[in-house]
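Engineer: Here's a structure for you.
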Amino acid sequence: MAEPYTQPSINDFGPVKVPKDHVFVLGDNRLESADSREFGPIPIRSIIGRADVIVYPLNHLKWL
């Protein structure tokens with residue numbers, strides 16, 4: 001995924017193959033996040049929450 005707004009040191013973790021029925025999650029604070037870069041792809045069946053609203057940026061505020 002192209003993310004020109006991130007610093008190269010936190011953007012470069014190489015290509016990743018995500019198995020079927022899994023997701024690759026990234027934290028919003030890349031320097032401090034424990035995410036799929038550390039733990040690998042997550043089985044979809046392990047996800048127990050859901051997003052209900054987008055709050056930022058404010059011009060994209062909406063209920064999902």
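Each reported figure results from applying straightforward, stated rules to the coordinates on display, with no laboratory input. The model shown is predicted, which means the values in this text are computed figures rather than measured ones. Positions of Cβ are generated from backbone atoms using ideal geometry, with glycine treated the same way; all protein chains shown enter the neighbour counts.
Engineer: Can you find, among Pro41, Pro57, Leu31, the residue sitting farthest towards the positive end of the charge dipole of the chain, where Lys and Arg contribute +1 and Asp and Glu -1 at Cβ?
Structural biologist: Highest projection toward the positive end goes to Pro41.
Engineer: Rounded to the nearest 20 Debye, what is the dipole magnitude of the chain about its Cα centre when Lys and Arg each give +1 and Asp and Glu each give -1 at the C-beta?
Structural biologist: That gives the chain a dipole magnitude of about 280 debye.
Engineer: Of (1) 13.9; (2) 14.5; (3) 13.6, which is the value of Kirkwood radius over Cα pairs in Å derived from the coordinates here?
Structural biologist: (1)
Engineer: For a Förster distance of 25 Å, can you work out the FRET efficiency between the beta-carbons of Phe24 and Arg50, rounded to the nearest 0.05?
Structural biologist: According to the calculation, E is roughly 0.90.
Engineer: Give the longest segment of the chain that steers clear of trypsin sites (Lys or Arg not before Pro) in DSSP loops with at most 12 neighbouring Cβ atoms within 10 Å, not counting the sites themselves.
Structural biologist: Formally, the longest exposed-site-free interval is 21-49.
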